[in-house]
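Heads up, the thing below is written out as structure tokens.
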């Protein structure tokens, strides 16, 4: 089976970036109130970079995340600037988790965490139906 | 069989209250600043008695904890250990049950104090992810020996004993920082002399004269502290590994180390998840390697290093490994970094090397700093250069191997394929341009170490990662 990030991932990332930009702007306003109004000039680079990242990053990340599960291993690749490819053999997998945070539920996506003895790796913001299918396939392979 | 903890338990349990004894001491030291009359001094004495009383009450609490602590050993009919139940706690009693089969490692420690008291400390670890040992027992020497004996399946032992001169060299170079300090100390002395002379020549003010008098002894003392620090590290490491020996007992490795504090460690050889050959630059001059294992359940306590062979030359190392872990899989690291990626390895030390120009240009006392900086940078550059020529990644039907440099040491790591949990290939934007990548392999380890090789050819690394998945034994087929 194949899995990938859908439109939900793009929306979640856009929301998170927007929230972070607003928080950074709020912090700048706070500092300006405390020290000097000149600090408000910092809003210009923060807003411009925030807007750029808001428009540029989410669709590219959503397009970059894809993977496969063939019953023996999970393969996934992701990343826009730093690209990462992950190979987890099924025999190494100890547990897996499926996260459904409020944003995830609203935009129909899920984050899957694969845990093995040496640590864990994350498959973030997968499409809801892909994530459910992956969880089912992983369960089937573990308990045939 | 039920056993009470050995009396030494009280001493080790009460140790945590010792800082409280500082309170009366601090009070006495600060008394002249606060108190003036005889009445105040009597208050001071009363307060000191109260503090000491509190300390004695806490020691009494430790004694009560000892009274209520129990170890229950259950044995099979044929006499081998089945399980251990540890009951402890006075205010919050709890019990812990450990099955002998689950014990991944057992460590018996005999410090000089325990030796005097005739006791032993036994640490039992399972393969779970915990920060400390699962159980720490204080037993008499006889009980501890009996427990260690019961957990060992005895057969003809194959023994490896560390030779003294490699251990001495390893102890001298085990801390690269310590070696750095040795070079730093004479430089500091020289700097002290130069500063003293120059400041007294150039500064005629009173402050300048004070500085010229005070700086040389200050830097000299600092140099002495550094040399003493290195000597301390050397003696500590030498005492830890002199007289080290290891033997294979059935399916378990028995490691014995330490001259003053004797440690007997039993490790289930099936639980070894990685074999690491470590070499510092100083050890490379003598052709020595240190073999370190990563084993589930061993090495989680602070200060414990799962060393299998402290220092040995390749032939001795190979013989010892054949005896100690005969079936351990290894393979060659045939995938090498691209030649064009040399700068990825030596870039940072070269930048550091170029930094010597600034103190050289400033001249005077800064020249000493420049010399130090130069030595440090060249040292790092040499390690990185050797790391580049040694670096590699390989996958066979049984094992994964990774060779890389980290910090100031070179590593060769062998991971059995069945415990290689995850392979990650990362490409940064500039790696994408020259078609290289970073390969990381994760396996279980108490210290959560990451094994990474930089600047490998991307397409071939990808093929090897696929090979790793292909050969990985599946539980589900």
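Rule-based calculations on the coordinates, nothing more; no lab input. These figures come from a predicted structure and were not determined experimentally. In this analysis, Cβ positions are derived from the backbone assuming ideal geometry, glycine residues included, and neighbour counts consider all displayed protein chains.
Pairs of alpha-carbon atoms within less than 8 angstrom and 6+ residues apart define the contacts here; what relative contact order does the range A:33-144 have, in percent?
Working: 126 pairs, mean separation 16.3, N = 112.
RCO, the range A:33-144: 15 percent.
Distance from the Cα centroid of the range B:91-121 to that of the range B:404-433 is 37 Å (rounded to whole angstrom). Between residue A:19 and residue A:80, the simple spin-label model (points 7 angstrom out along Cα→Cβ) gives 1.8 nm. Calculated from the alpha-carbon coordinates, the range A:1-130 shows an Rg and a Dmax of 18.4, 60 Å respectively. Just to confirm my numbers, what's the Cα centroid distance between the range A:75-132 and the range B:238-271 in Å? Result: 41 Å between the Cα centres.
Annotation: Cα Rg of the range B:339-471 relative to the compact-globule expectation 2.2 N^0.38 Å equals 1.29.
Site pair residue B:428 and residue A:97 shows an inter-label distance of 3.0 nm when each label is modelled 7 Å from Cα along Cα→Cβ.
The packing ranking of peptides B:325-335, B:260-270, highest mean first, is B:260-270, B:325-335, where packing means the average number of other beta carbon atoms within 10 angstrom of each residue.
Peptides A:48-55, B:382-389, B:345-352 ranked from most to least packed, by the mean per-residue count of other Cβ atoms within 10 Å: B:382-389, B:345-352, A:48-55. The mean count of C-beta atoms from other chains within 10 Å of the C-beta of residues in B:386-394, rounded to a whole number, is 0. For the range B:218-343, the square roots of the Cα gyration tensor eigenvalues, ordered a ≥ b ≥ c, give a/c of at least 1.5 with a/b no greater than b/c, which places it in the oblate category. Peptide A:87-99 is shielded by partner chain Cβ atoms: per residue, an average of 5 of them sit within 10 Å of its Cβ.
Full extension from residue A:60 to residue A:41: what is 0.36 nm times the residue separation minus their Cα-Cα distance, to one decimal in nm? Spell out each step's value before the answer.
Values: separation 19, 0.36 × 19 = 6.84 nm, distance 2.99 nm.
Gain on extension, residue A:60 to residue A:41, equals 3.9 nm.
The protection proxy used here, the mean number of other Cβ atoms lying within 10 Å of each residue, ranks peptides A:125-131, B:367-373, B:94-100 as follows, highest first: A:125-131, B:367-373, B:94-100. Once you order the gyration tensor axes a ≥ b ≥ c over the Cα atoms, which shape class does the range B:405-467 get: rounded for a/c under 1.5, otherwise prolate or oblate by comparing a/b with b/c? It is oblate, given that a/c is not under 1.5 and a/b is not larger than b/c.
Look at the Cα gyration tensor of the range A:62-118: its axes a ≥ b ≥ c give a/c of at least 1.5 with a/b at or below b/c, and that counts as oblate. For helix A:128-142, report the angle its Cα long axis makes with the longest principal axis of the Cα atoms of chain A; keep it between 0 and 90° and round to the nearest 10°. Roughly 40 degrees between the two axes.
Within 10 Å of each Cβ in peptide B:424-433, how many partner chain Cβ atoms are there on average? Round it to a whole number, please. Across B:424-433, the average partner-chain Cβ count within 10 Å equals 4. Relative to the longest principal axis of the Cα atoms of chain A, the long axis of helix A:7-34 lies at roughly 30 degrees.
What the Kirkwood sum gives for the range B:269-350 is a hydrodynamic radius of 15.1 Å, with every pair of different alpha carbons counted. The angle separating the long axis of helix A:43-64 from the principal Cα axis of greatest extent in chain A is about 10 degrees.
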